[in-house]
Amino acid sequence: MRAIAILTLLLPMSLVANEANIDRQTGLIKNPGWLHVRAHCGGCHSHALVTSQRADRQTWLDMIRWMQATQNLWQLAPDVESEMLDYLAQTYAPVPNRRRAPIPASLMPSREQQEP
């Protein structure tokens, strides 16, 4: 019973600590590198697009390269890009089972229904 009382007291403190670690304007988690992400990513799109993604370092780099090739994202200084990639890969890493399960074949329309 005493353990439950202690946990009840500590839980709100941990929630406050977690909220203090999130930037209120952007929703970005305040880890090393977040200021670069705030400055470079938020100029073109919502930070919610960043926080909703999960990727490894290479995939984050691929997204940056795609934005540079097709969306006019400027070249980043190598040290800034590396710090951003560290931040993104550590803070917004892939999460297992993030995607929904595939739709069962029995619920999919037949091929005849799909063709015009």
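Tabulated values for the structure
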read-out: Phi-based couplings in Hz for the stretch 78-85 (Karplus 6.51, -1.76, 1.60; Gly and Pro marked x); value: x, 5, 5, 4, 5, 5, 5, 5
read-out: In the stretch 48-86, chymotrypsin sites (Phe, Trp or Tyr not before Pro) in a DSSP loop with at most 11 other beta-carbon atoms within 10 Å; value: Trp74
read-out: Charge context of Asp23, other residues only, Cβ under 9 angstrom, K/R +1, D/E -1; value: +3
read-out: Cut-off under 5 Å, modelled amide H: who pairs with Ile22 long-range; value: Lys30
read-out: Least to most buried among Ser52, Ser110, Ser82 (fewest other Cβ within 10 Å first); value: Ser110, Ser52, Ser82
read-out: Approximate spin-label separation Trp74-Thr59, in nm, with each point projected 7 Å along Cα-to-Cβ; value: 2.9
read-out: Over the stretch 24-96, equivalent-ellipsoid semi-axes from the Cα gyration tensor in Å; value: 17, 14, 13
read-out: ³J(HN,Hα) computed for each position of the stretch 57-63 - Karplus, 6.51 cos²θ - 1.76 cosθ + 1.60, integer Hz, glycine/proline x; value: 4, 5, 5, 4, 4, 4, 5
read-out: Ala48-Ser110 FRET efficiency (beta carbon distance; Förster radius 41 Å; 0.05 resolution); value: 0.60
read-out: Karplus 3J(HN,Hα) series, Hz, for the stretch 21-29 with 6.51 cos²θ - 1.76 cosθ + 1.60 (x for Gly, Pro); value: 8, 10, 5, 5, 6, 10, x, 6, 6
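Each value in this text was obtained by applying a stated rule to the coordinates, not by laboratory testing. Just so it is clear, the structure is predicted and the values come from calculations on it, not from any experiment. Backbone-built Cβ (ideal geometry, glycine too); neighbour counts: all protein chains shown.
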